[in-house]
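Here's the structure, in structure tokens; my notes come after.
Bear in mind these aren't lab numbers, they're just calculated from the coordinates by the rules spelled out. These numbers come from a predicted model, not from an experiment. No Cβ is skipped: glycine too gets one built from the backbone with ideal geometry, and neighbour counts run over all protein chains shown.
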């Protein structure tokens, strides 16, 4: 058992965030020591999974859905695959933007607005954004 102050120090997360995660059901306190919440060793592993999920772009609600009962964590491989595909699309867009910015920085045209490549870059940047959803699967 570890109290909230110790868990905060060990993980570097503020106690307020740990309380919020507890209230959301992402981690569960198992009791109290005076006014301090107590957590079992499982909490640190769950916090690592939360950080991993957030770094991959999952929302806290999506992460919570992957956490099953207190003892289990069910990792939905389909959701992982969907997120990986979303990241692939984002990487491609970022690469195109990087290449466009490099072109604009080195463009031989005096006026960027006379450059066909720069004009294409502006059109791509201002194109409407549509959320995609695969049939039968939530993203």
Highest GNM mean-square fluctuation, the chain, Cα pairs closer than 10 Å: which of 37, 102, 46? 102
Would you work out the relative contact order for the chain, in percent, from Cα pairs under 8 angstrom that are 6 or more residues apart? 15 percent
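Just need the relative contact order of segment 2-66 here, percent rounded to a whole number, with Cα pairs under 8 Å and 6+ apart.
Here the relative contact order equals 31 percent.
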Mind pulling the angle between the C-alpha long axis of helix 77-106 and the longest principal axis of the chain? Nearest 10 degrees, somewhere in 0 to 90. 40 degrees
Could you check which residue among 72, 16, 126 shows the biggest mean-square fluctuation in a GNM of the chain with a 10 Å Cα cutoff? 126
Helix 42-55 versus the longest principal axis of the chain: what angle, 0 to 90°, nearest 10, using Cα atoms? 10 degrees
Grab the beta carbon distance between residue 96 and residue 56, set R0 = 25 Å, and tell me the FRET efficiency rounded to 0.05. 0.70
Mean Cβ neighbour count within 10 Å, used as a protection proxy, ranking 108-114, 55-61, 27-33 highest first: 27-33, 55-61, 108-114
With springs only between Cα atoms under 10 Å, which of 127, 84, 96 fluctuates most in a Gaussian network model of the chain? 127
Nearest 10, in degrees from 0 to 90: the angle of helix 116-126 to the longest Cα principal axis of the chain is 30 degrees
Kirkwood hydrodynamic radius of segment 1-96 from all distinct Cα pairs, in Å? 14.6 Å
At 222 nm, what helix-only mean residue ellipticity would the chain give, in deg cm²/dmol to the nearest 500, using -39500 (n - 2.57) for each DSSP H run of four or more? -18500 deg cm²/dmol
Taking only the alpha-carbon atoms of segment 86-126, what semi-axes of the equivalent ellipsoid follow from 5 times the gyration tensor eigenvalues under a square root, in whole Å, largest first? 22, 11, 5
